[in-house]
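J.: What follows is a structure written as structure tokens; I'll ask about it next.
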Amino acid sequence: MMRFATLIKNPADWMKGAGPHSDIVMTSRVRLARNLRGFPFPGFSQERQRVDLLEQVRPVVEQLPEMRDGYSEDYTELSKIRKQVLVERHLVSREHAARSSGCAVVVDRKQSISIMINEEDHFRIQGIRPGLNLHSAYELVDRVDTELESGLPFAFDSKLGYLTACPTNLGTGMRASVMLHLPALVLTEQINPVIKAVGKIGLAVRGLYGEGTEALGNLFQISNQHTLGEAEPEIIAQIEKVIEGVVRSEQNARAKLKEDHQTMLQDQVGRAFAILRYAHVLSSKEALNLLSMLRLGADLDLVGNCDRSLIDMMLLEIQPAHLQLNAARELSPDERDSMRAEITRARLQSIDGPGSFPPSQSTQGGLPSAPNDE
Amino acid sequence: MKCDVCENEASVFLTQIINGQMTTVNLCEGCSKAKGVTEETGFGLAEAFLSPAQRSEDSMEVVCNACGFTASQLKKIGRMGCPECYHSFREGLDGLLRNMHKGTRHVGKRPASVGGTAPQLLPRQRTAVVREETSSPPPPMPVPAPAQPSDVSKLRADLDLAVKEERYEDAAKLKAEIERLQPKAPSK
């Protein structure tokens, strides 16, 4: 099986690839919650029971054809920093990373599929794809689930569906979520009505790392809340339809910025580049917000030779655990802030500074109340 | 019939099975609302009506036969102890689910081994002939009956106890017995 260093050295498939709307939709993820019949859920079992279950099921998971040459690790073998790196890569949940004995994660070599053992449920099977592509993410996890169920007796009830530790996951056990980059909706102050509208249709909107996290870097996650009473394809089709709408709003907002607030836009992107390129101290929050502006600039062809995937890679590299893994030791917050700036300075060395839009007839002007003046 | 709380005519009749004992509460509409009976969870029921003495843990609480999880634990953490808990705590479950989800009946993917029929929740029903390749709709949930430990859940409880007490030889025997009664899904 693959070593941790090898796993991390390679960018995941979703970081390299492009999918539908990948200028606005960063990733599509689908996860399934599954449990074994006859075993208490991880939260109500004793350590010995969790370890026993792990020992029994881990070989089954590792032998999946999808997991050939993949990565598999028992949490007792993983340092806190390494587990946090997996969280930052969206391969495991924060809740799972907080656990230890009796827990393990198995990841395929493309980092498209990860299976957490003994999370809140015995199994959390996750598929991740670039762009707006929940269908394809669901196909990944559906196939893995079908393969697993041929060897493992999953707890299933005819009326209630897949039985999960939390009744909010009952039925399909499926959570489909999409990560969106919405800088123009934030700049034009249209984001709150959009969030409200999405919430009204029964979808949840969250920040970068899920439940209870702030929407840093203008990144938002939208996911389904209902799991019972609808079939998987219906749930996915509904979310994709809603996301298409949000994507259109963001596109319109971008066009409006370009049309009506060119100077402000060029200024924001130029400042973002300048700070990332020359600063020596960068907090995580500041860096994420600046990278968001730079990404917007790249999407609008303001930053000539800057590839979006370079920015997306930086979004990972500047996060606390990635910094500490890179330094091979624990870093104080101050050390992290200076290390973070060192990385953005180095990565942007080969990038030409952002220019201006070609002269046009459009009126120039600043946004009445430009937020985000860090 | 009179309401148990006030003198009005009762219109809401609630029956709960607690450790195999039936408890019936009769309420008028006003009192049922005041006590939150028709509210989301329904799990607060025992707490709302049983006197503190009756509520004491040793005697009156609903407990999952398979894993020992209690109704008050469920209420506290909002999560189940094991898959069987959905059967043990089925009282009030529909109301809870209705508030949480689009419906109360699963219409999505089913494991191939289930073949679209045969409820899996009650182990004793699984000994019945499992029809294969049938397109008939899934049978309704069994009518709630007084909790009666099925053979398998009894064995599982014994197994848990054996593990807790570190009697591994007994545990192995019990495990084999459970597997015999409830074979794993056929592997393809």
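All of the numbers you see were taken from the coordinates with simple rules; none came from a lab. The structure displayed is predicted, hence computed values, not measured ones. Positions of Cβ are backbone-derived with ideal geometry, glycine not excepted, and every protein chain shown enters the neighbour counts.
J.: Please go through the residue pairs A:LYS159/A:LYS196; A:LYS159/A:LYS200; A:LYS200/A:LYS241; A:LYS241/B:LYS109; B:LYS109/B:LYS173; A:LYS159/B:LYS109 and name each one whose alpha carbons sit more than 23 Å apart in this structure.
T.: Values: A:LYS159/A:LYS196 32 Å; A:LYS159/A:LYS200 27 Å; A:LYS200/A:LYS241 14 Å; A:LYS241/B:LYS109 21 Å; B:LYS109/B:LYS173 34 Å; A:LYS159/B:LYS109 12 Å.
As for pairs spanning more than 23 Å Cα to Cα, those are A:LYS159/A:LYS196; A:LYS159/A:LYS200; B:LYS109/B:LYS173.
J.: Also, I was wondering about something else. Add +1 for every Lys or Arg and -1 for every Asp or Glu among the other residues with Cβ under 12 Å from the Cβ of A:PHE273, and state the total.
T.: On the way: positive: A:ARG271, A:ARG277, A:ARG295, A:ARG345, A:ARG347; negative: A:ASP267, A:ASP352.
Cβ neighbours under 12 Å give a net charge of +3.
J.: So if I place +1 on the C-beta of Lys and Arg and -1 on the C-beta of Asp and Glu, and nothing else carries charge, what would the dipole magnitude of chain A be about its Cα centre? I want it in debye, nearest 20.
T.: Values: 42 positive and 49 negative charges, 39 e Å.
Once rounded to the nearest 20, the dipole reads 180 debye.
J.: What nm value, rounded to one decimal, do you get for the distance between A:GLN225 and A:LYS110 when each label is placed 7 Å out toward the C-beta?
T.: Going by the 7 Å Cα→Cβ label model, 3.4 nm.
J.: Oh, and also: Taking the Cβ of A:SER101 as the centre, find all other residues whose Cβ is under 9 Å away and add up their charges (Lys, Arg: +1; Asp, Glu: -1).
T.: Values: positive: A:ARG50, A:ARG99; negative: A:GLU47, A:ASP74.
Result for the local shell: 0.
J.: Can I ask one more? Expected output is a single nm value to one decimal: the length gained when fully extending between A:LYS200 and A:GLU234, i.e. 0.36 nm times separation in residues minus the C-alpha distance. What is it? Display every interim value, and only then the final one.
T.: Numbers: separation 34, 0.36 × 34 = 12.24 nm, distance 1.76 nm.
Value of the extension gain: 10.5 nm.
J.: Once phi is turned into ³J(HN,Hα) by the Karplus curve 6.51 cos²θ - 1.76 cosθ + 1.60 with θ = phi - 60°, what whole-Hz value does each residue of region A:103-114 show in order, with x for glycine and proline?
T.: 10, 8, 10, 10, 10, 6, 5, 8, 6, 9, 10, 10
J.: With labels modelled as points extended 7 Å from the Cα through the Cβ direction, what inter-label distance (nm, one decimal) is found for A:GLN349 paired with A:THR6?
T.: It is 3.0 nm.
J.: Further question: Excluding A:ILE81 itself, calculate the net charge of residues whose Cβ lies under 11 Å from the Cβ of A:ILE81, where each Lys or Arg counts +1 and each Asp or Glu counts -1. Each step should come with its number before you reach the end.
T.: On the way: positive: A:LYS80, A:ARG82, A:LYS83, A:ARG329; negative: A:GLU88, A:GLU330.
It works out to a net charge of +2.
J.: Turning to a different aspect of this structure: Let me have the 222 nm mean residue ellipticity of chain A computed from DSSP H runs of 4+ only, each contributing -39500 (n - 2.57), with the sum over all residues rounded to the nearest 500.
T.: On the way: 14 runs with 165 residues, N = 374.
Taking each H run of at least 4 residues, the total per residue is -13500 deg cm²/dmol.
J.: Where in chain A are the DSSP H helices whose alpha-carbon span along the long axis reaches 20 Å or more and whose Kyte-Doolittle mean is at least -0.5?
T.: On the way: long enough: A:47-62 (22 Å, -0.73); A:134-149 (22 Å, -0.40); A:232-260 (42 Å, -0.64); A:262-278 (24 Å, -0.05); A:284-299 (22 Å, 0.22); A:333-347 (21 Å, -1.67).
TM-like helix candidates: A:134-149, A:262-278, A:284-299.
J.: Here is a follow-up. Kindly provide the trypsin sites (Lys or Arg not before Pro) of region A:313-345 that DSSP labels as loop, not H, G, I, E or B, and whose Cβ sees at most 12 other Cβ atoms within 10 Å. Can you show the working numbers first?
T.: Details: sites: A:ARG329, A:ARG336, A:ARG340, A:ARG345; in loops: A:ARG329.
Sites meeting the loop and neighbour criteria: A:ARG329.
J.: At 7 Å along the Cα-to-beta-carbon direction for both A:SER100 and A:ALA274, put a label point, then send me their distance in nm to one decimal.
T.: Here the modelled spin labels are 4.9 nm apart.
J.: Mind checking which lysines have their Cα closer than 16 Å to the Cα of A:LYS110? Skip sequence neighbours fewer than 8 apart in that chain.
T.: A:LYS9, A:LYS16
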